[in-house]
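**Student:** Got a structure here, written out as structure tokens. Questions coming.
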Amino acid sequence: MKGKGFLKVTGILMIIFGAIALLVNIIAVVGLAAAAILGIGIGVAVFGLIISLISAAIELITGILGVKYCDDASKAKTCMIWGIVVAVLCVIGHIITAVGGGDFGVFGLLCGLVIPVLYIIGAKKNMNSACAAPVCEEAPDPAEEIPPVSEPVAEENSSVEDTPTEE
């Protein structure tokens, strides 16, 4: 399959970065808990952390699916959908950062989208190669299935008189 390498490599990268993001988010939860104890306002930060935790978990799941299904064209659409979800969550995360007072860095956004976009490309290549697989090429030729029509051969000894009639 043409997209197997794309899907496998980006899947592995998503597993690594998703696991790192989960660890960082767990540390952030501890930090926010400490800030809440100290009475520091954490409204937008909590919302951003929840989105970040969900994004990290989905990225990890997406990576696992990519590695697991990199050579299964029937799962290419599933991988593509998960890849699109990761890309959308990346954009949402950058928007939340900007709303929370951080910088909306276009370069950071583009860097964050590279792996999900390559993942989606790999899934698309697998989907396209599904119909180019040998299974599709082995379909029988319809012209070979239909026997040629030959003209009926009349028997020399047959006549209308040979057929029994009821009287």
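The values are calculated or read from the model by the stated rules, or taken from the named source; none is laboratory data. For clarity, every value in this text was computed on a predicted model and none was experimentally measured. Please note: Cβ atoms are built from the backbone with ideal geometry, for glycine as well, and neighbour counts cover all protein chains shown.
**Student:** Conditions: (1) farther than 17 Å from Ala130 by Cβ; (2) touching a residue at least 24 places away in the same chain (Cβ under 8 Å). Ile50 meets all but one. Number of the miss?
**Tutor:** The one condition Ile50 does not meet is (2).
**Student:** Residues of the stretch 13-47 being over 21 Å from Lys125 (Cα atoms) and either touching a residue at least 60 places away in the same chain (Cβ under 8 Å) or in contact with a Lys or Arg (Cβ under 9 Å, 6 or more places away or on another chain) (or both), which ones?
**Tutor:** Phe17
**Student:** Scan the stretch 34-81 for residues that are more than 12 Å from the chain's Cα centre (by Cα), more than 23 Å from His94 (Cα to Cα) and small (Gly, Ala, Ser) and jot them down.
**Tutor:** Hits for the stretch 34-81 are Ala34, Ala36, Gly39.
**Student:** Of all residues in the stretch 3-12 being surrounded by 13 or more Cβ atoms within 10 Å (Cβ to Cβ) and not charged (D, E, K, R), which is nearest to Asn126 (Cα to Cα)?
**Tutor:** For the stretch 3-12, the residue satisfying everything is Gly3.
**Student:** Shifting gears a bit: Does Thr10 fit the bill of being in contact (Cβ under 8 Å) with a residue 60 or more places away in the chain, under 22 Å from Ala87 (Cα atoms) and not in a loop (DSSP other than H, G, I, E, B)?
**Tutor:** yes
**Student:** Here's another thing I want to ask about it. Can you find a residue that is among the aliphatic types (A, V, I, L, M) and under 14 Å from Val117 (Cα atoms) anywhere in the stretch 18-33?
**Tutor:** So far as the stretch 18-33 goes, no, none of its residues is among the aliphatic types (A, V, I, L, M) and under 14 Å from Val117 (Cα atoms).
Residues are listed down the side, and each one gets a yes or a no for (1) under 18 Å from the mean Cα position of the chain (by Cα); (2) at pLDDT 70 or above:
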{"residue": "Val88", "(1), (2)": "yes, yes"}
{"residue": "Gly93", "(1), (2)": "no, yes"}
{"residue": "Leu118", "(1), (2)": "yes, yes"}
{"residue": "Met127", "(1), (2)": "yes, yes"}
{"residue": "Pro147", "(1), (2)": "no, no"}
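**Student:** For Gly93, which of the numbered conditions (1) closer than 13 Å to Phe6 by Cα; (2) in a helix (DSSP H, G or I) fails to hold?
**Tutor:** Result: Gly93 fails condition (1) only.
**Student:** In addition: What tally of residues in the stretch 97-117 results from selecting those that are in contact (Cβ under 8 Å) with a residue 12 or more places away in the chain and surrounded by 13 or more Cβ atoms within 10 Å (Cβ to Cβ)?
**Tutor:** Residues flagged as in contact (Cβ under 8 Å) with a residue 12 or more places away in the chain and surrounded by 13 or more Cβ atoms within 10 Å (Cβ to Cβ) within the stretch 97-117 amount to 8.
**Student:** Whether any residue in the stretch 51-71 is surrounded by fewer than 17 Cβ atoms within 10 Å (Cβ to Cβ), out of contact with any Cys (no Cβ under 8 Å at 6 or more places or on another chain) and not in a helix (DSSP H, G or I) is what I want to check.
**Tutor:** Yes, that holds for at least one residue.
**Student:** Is it true that some residue in the stretch 73-81 is closer than 22 Å to Gly108 by Cα, in contact (Cβ under 8 Å) with a residue 12 or more places away in the chain and not hydroxyl-bearing (Ser, Thr, Tyr)?
**Tutor:** No, there is no match, as no residue in the stretch 73-81 is closer than 22 Å to Gly108 by Cα, in contact (Cβ under 8 Å) with a residue 12 or more places away in the chain and not hydroxyl-bearing (Ser, Thr, Tyr).
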